[in-house]
Amino acid sequence: MKRNFISKRGATATAKDRQPHDVQQIPRNYTLAEALMIFIRAKEAEGLRPRTIKQYSEHIEYMLNWLDRDSTSIDISEITPQLIRQYINYLKNDKPRYEGVEGREDGRKGLAINTINIRIRTLRTMCNFWYMEGMSVKNAMANIKPVVGDQTEEVPGLSDDEVDRILASYNERQFAEWRDKVLILLLLDTGLRINEALSLTDEQIDFRLLSVYVPSQIAKNRRMREIPISREVAKKLRELRDESSQYFGETGFIFLSAYGEPLTPDAFRRRLNRRKKRLGMERLSPHMFRHTFCRNYILNGGDIFTLQRIVDHADIKTTRKYIQMDNQHVRYQHNKFSPVKRLFKRY
């Protein structure tokens, strides 16, 4: 006689439907290409941005290049903890640091700890998804820990002398160089991310209230924010907008290429690479201006919580990372604020 088993929640199941506790259901084999497509469709349904989804595909491609395989020739069951640890060791010790990055190849091997951990985090998200969806028997990332370095890596910034050298090197009689200089001033004044700055339109700048608005569609953390700008930078932005409209008409965008199209982050990075070589600098990137703003904001008396809001950090720990001081700034702060200086005035 067929009997029903009553679950604690009152649902019924036949003895035929129930499986012994120790019997594991083995899913069918999914190629990495199939598994990645299912994952991407799920993330699209969740509303993730195309840029974020693109990064998932790119990070899988990095691992496939190391394996010398394509995504249709490998099953996700082949992605084991042992394979992942071998991949991490390759990233730490053998991967050329700036391979394929124009102007930055320097012969060093091993990626930065933060870069490795971003790739590990991507793999963790995907492996968790495949396991929870029943597409894989085991979660290959379950016991994989983030890479720990001997010292927290600082985000490099620029000294006052370096900023002066960079700005003085631009010829304002040439439109492209003047535009780049205005862009750098904006980054140093606001700490905007490069994609936020280059997405600016007329509607996002309030020249009367001296504010820039970053809409949630552009902001990394999907929070609209208002950022004050200095009167001097606002004046430069207005001049750039007016001159651009004379050449190219009303495009709406502030920063345009020589062809009247919106300037892209990659195009600006390439221009900075050429500027770096001309000035004999070791490093120069858009993000360094953001870090310089963060560091100088604190040195000039700003508080870290206001800074967190201005630069749109979800976690205060990220803000702290941006404002690590080099030895010169530590000595300056000590000389200025050491308690013993007050004692010498009294005794």
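What follows is calculated from the coordinates using simple rules that are stated; it is not laboratory data. What you see is a predicted model, and the numbers here were worked out from it, not measured in a lab. As a convention, Cβ positions derive from the backbone with ideal geometry for all residues, glycine included, and neighbour counts pool all protein chains shown.
A few points about this structure:
- For the peptides 294-305, 187-198, residues were scored by their other Cβ atoms within 10 Å and the scores averaged per peptide; the highest-first order is 187-198, 294-305.
- For the peptides 48-59, 125-136, the ranking by packing is 125-136, 48-59, with the highest mean count of neighbouring Cβ atoms within 10 Å listed first.
- Take each peptide in 69-80, 163-174, count the other Cβ atoms within 10 Å of every residue, and average; sorted highest first, the result is 69-80, 163-174.
- Calculated FRET value between R121 and R165, using beta carbons and R₀ = 35 Å, to 0.05: 0.45
- Relative contact order (%) - criterion: Cα under 8 Å, at least six apart; region: region 207-307: 13
- Given K95/K181; K92/K321; K95/K321, the pairs whose alpha carbons are separated by over 27 Å: K95/K181
- Cut-off 14 Å (backbone N to label point 7 Å along Cα→Cβ of Q217), residues of region 246-279: 253
- Normalised by the number of residues in region 137-254, the mean separation of alpha-carbon contacts (under 8 Å, six or more apart) gives a relative contact order of 20 percent.
- Couplings for region 234-244, taken from phi via the Karplus curve 6.51 cos²θ - 1.76 cosθ + 1.60 with θ = phi - 60°, read 4, 5, 5, 5, 5, 4, 5, 4, 5, 5, 4 Hz in order; Gly and Pro are left as x.
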